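Read the structure below first, then the notes.
Coordinate-derived values only; no laboratory data. This one's a predicted model, so the numbers in the text were calculated from it and none came from an experiment. Cβ: placed from backbone, ideal geometry, glycine included. Neighbour counts: every protein chain shown.
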Amino acid sequence: MQIEIRPLLHAALHLLAPLLVAVIFYRRRWRRAWLLMLAGLLIDVDHLLADPVYDPGRCSVTAHILHRWPAQILYLLLALLPRTRLLGLGLVGLLLTARRRGSARAGDSTPREVER
């Protein structure tokens, strides 16, 4: 059984990047800041509408409704407003980790083949 490192690194980024931001910029209330940023993971509930639910080759930004550009604009606005900044940062951070290199054009859910 071979363990792939990329999905593990991806999952670790979802937890550790917000933790790092919380500890550096919100030192006194880092736990609260971290949990609010982690709440951004809730948008991944839209993966349950996909078939299959998990596809490591699929680009979430084009395949899932809560990852598309209208929602992205809302998440950026949330990150700019002081009262919703932490949640917005968590949402934007999630989207940054959802992008895949070499993914197909918008609307496609499978990665392009790499020519050798």
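Numbers below:
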{"read-out": "Lone unmet requirement of (1) farther than 22 Å from Leu19 by Cα; (2) more than 14 Å from the chain's Cα centre (by Cα); (3) β-branched (Val, Ile, Thr) for Ile65", "value": "(2)"}
{"read-out": "Single unsatisfied condition, Ile43 versus (1) surrounded by 11 or more Cβ atoms within 10 Å (Cβ to Cβ); (2) among the β-branched types (Val, Ile, Thr); (3) free of Cβ contacts under 8 Å to residues at least 12 places away in the same chain", "value": "(3)"}
{"read-out": "Residue match in the range 21-36 (condition: touching a Pro at 6+ places or on another chain (Cβ under 7 Å), surrounded by 12 or more Cβ atoms within 10 Å (Cβ to Cβ) and farther than 15 Å from Ala98 by Cβ)", "value": "yes"}
{"read-out": "Test: residue in the range 51-73 that is in contact (Cβ under 8 Å) with a residue 12 or more places away in the chain, among the aliphatic types (A, V, I, L, M), surrounded by fewer than 15 Cβ atoms within 10 Å (Cβ to Cβ) and in contact with a helix residue (DSSP H, G or I) (Cβ under 9 Å, 6 or more places away or on another chain)", "value": "yes"}
{"read-out": "Residue ID - surrounded by the most Cβ atoms within 10 Å (Cβ to Cβ), chosen from residues in the range 74-86 that are among the aliphatic types (A, V, I, L, M) and either in contact with a Phe, Trp or Tyr (Cβ under 9 Å, 6 or more places away or on another chain) or closer than 18 Å to Leu13 by Cβ (or both)", "value": "Leu86"}
